[in-house]
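The values are calculated or read from the model by the stated rules, or taken from the named source; none is laboratory data. Everything quoted here is computed from the prediction, not taken from an experiment. All Cβ positions, even for glycine, are placed from backbone atoms using ideal geometry, and neighbour counts span all protein chains on display.
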């Protein structure tokens, strides 16, 4: 559910049939939110260790240019009223990435998406993350700074990496979310890996249990996203991104089989709205494409209607389809050989079931 099997074929009891989580329409209407990326056999993966964080976050930036060094020396001898002007000039001489890095250092939290931040001039994973914040804001540095600061403060408070090791209720969340990863054998290119998150809304057994406690649901959903980011492994990246090139993104599949589209639970609506808000703010530029599968034909009309209002670069990432079996046909352009065939049978592939090949947050 949203800054991503056997059970999805099980129709929930009529009294607890899961309604559409406002997410089909709300997410399309809040397209920016769905840029976040954004699903359950028990796994024992540990959260990435944050080592030498103090040293990392306070690491010196790349050497200043002669112009910047000269401006800095001049500032030391200026009266107070002129010092602020000089400091602003020094800042403006830095690249946007360097300015975002300086901001990150000032916040004091050393990590985003499992990556210990370091000088982006020499640390590719940090460059990727900071560039994503610029891309998410169309190059607007002020907006990128604001979003980055809020993310760092949110991560310091929420500690999302710790949620990977948290155990959630099996009765509430079993079968609702998975992460799968597919790789091209022998490839070291970032395009040689595809990560999927799967949200299986039809597997909801009780709306009250699953969505009744908003904070608990959000923690589960964040844990799922952090698992997907761990699979994406930006921390090992060696290839920088640009405004137009970014392979470090995630496919999302939202399965609405057995979901009622006739009514909306207040709990589901609240959870959907809050998830969109959190993911839009804290997981920018992580969505590759989003597939809404097993939805009624009427959703195709809604999708076409949304094209009138949503930015083309965003709407092209949305793919509603009434038959989930057709999903496997959507990945012919992938650099992973026969990616569609690796998907679970319920989605037209020849791979193992989603329960067998996927993983999700810890359950008991």
**Report entry** Flag if residue 238 is modelled with pLDDT of 95 or more and crowded, with 24+ Cβ neighbours inside 10 Å
**Finding:** no
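Residue-wise test of (1) part of a loop (DSSP other than H, G, I, E, B); (2) at pLDDT 95 or above; (3) surrounded by 14 or more Cβ atoms within 10 Å (Cβ to Cβ).
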position	(1), (2), (3)
301	no, no, no
337	yes, yes, no
340	no, yes, yes
352	yes, yes, yes
355	no, yes, yes
Query raised in the report: If we scan segment 173-189, do we find a residue that is in contact with a helix residue (DSSP H, G or I) (Cβ under 8 Å, 6 or more places away or on another chain) and part of a helix (DSSP H, G or I)?
Result: yes
Query raised in the report: How many residues does segment 117-126 contain that are surrounded by 21 or more Cβ atoms within 10 Å (Cβ to Cβ) and outside any loop (DSSP other than H, G, I, E, B)?
Result: 2
Requested in this report: Quick one: in segment 191-207, of everything that is in contact with a helix residue (DSSP H, G or I) (Cβ under 9 Å, 6 or more places away or on another chain) and assigned to a helix (DSSP H, G or I), which residue is nearest to residue 253 (Cα to Cα)?
Outcome: 201
